[in-house]
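Encoded as structure tokens, the structure appears first; notes follow it.
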Amino acid sequence: LLYGLMLCSGNDAAVALAEHISGSVENFVDMMNKKVEDLGLSNTHFANPHGLHADNHYSSAYDMAIMASNLISHEKVLNYTSIYEDYFNKPDGTRTWLVNTNKLVRFLPGVDGLKTGYTEDAGYCLTATAKKQDIRFISVVMGEPTSAIRSKETTALLNYAFNSFKLNTI
């Protein structure tokens with residue numbers, strides 16, 4: 001399964017994982033919608049597992065932040081989302097170079113994830129997480145016209161947070 005997923009696009013991989021986990025894309029989407037319901041999120045509804053445009057597929061920045069917070073409670077995920085680049089060694093001896101579309105994991109200290117996206121309707125989106133000095137922030141930008149602006153706005157939000165807030169342990 002893993003080798004097959006590495007040969008797919010990310011969207012194809014999401015479909016393959018959905019089918020593997022739940023037997024069908026429809027079952028997996030139902031599981032996704034149940035999870036957002038369990039999290040109390042009222043401004044998200046999934047129509048597919050990959051996030052490409054579809055009728056009745058939407059989310060809000062707030063809901064994305066809550067989903068990100070829930071996801072990073074499983075800290076091992078950050079072991080993967082924090083990787084900027086790596087190679088996948090194929091059984092035939094060739095290698096595929098994989099590069100994270102979240103460039104900030106390489107260029108902004110403390111950034112260790114999380115999720116980029118782009119569709120023509122949604123624009124460039126980034127839900128990012130960063131940690132410095134035992135304090136973690138999550139930022140969400142949506143609808144940016146370019147990936148560079150998406151990164152610039154995320155950098156501004158995270159820098160503002162790190163420069164404006166501190167953790168006081170009582």
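The values are calculated or read from the model by the stated rules, or taken from the named source; none is laboratory data. Quantities reported herein were computed from a predicted structural model and do not represent experimental measurements. Heads up, the Cβs are rebuilt from the backbone with ideal geometry, glycines too, and the neighbour counts pull from every protein chain shown. For the accessible areas, the whole protein counts, side chains as well, though only heavy atoms, and no ligand, DNA or RNA atoms are used. Shrake-Rupley method; radii C 1.70, N 1.55, O 1.52, S 1.80 Å.
Values computed for the structure shown
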| quantity | calculated |
| --- | --- |
| Extreme residue, least open to solvent (accessible area, probe 1.4 Å), among residues of segment 82-112 that are modelled with pLDDT under 95 and within 12 Å of the chain's Cα centre (by Cα) | N100 |
| Residues located in segment 17-70, provided they are surrounded by fewer than 13 Cβ atoms within 10 Å (Cβ to Cβ), of a type in the set (G, A, S) and within 29 Å of K131 (Cα to Cα) | G40, S42 |
| Every residue from segment 117-134 that is closer than 18 Å to L158 by Cα and either at pLDDT below 95 or open to solvent by 50 Å² or more (accessible area, probe 1.4 Å) (or both) | Y124, K131, K132, Q133, D134 |
| Check on L52, touching a residue at least 24 places away in the same chain (Cβ under 8 Å), under 15 Å from L126 (Cα atoms) and either acidic (D, E) or not in a helix (DSSP H, G or I) (or both) | yes |
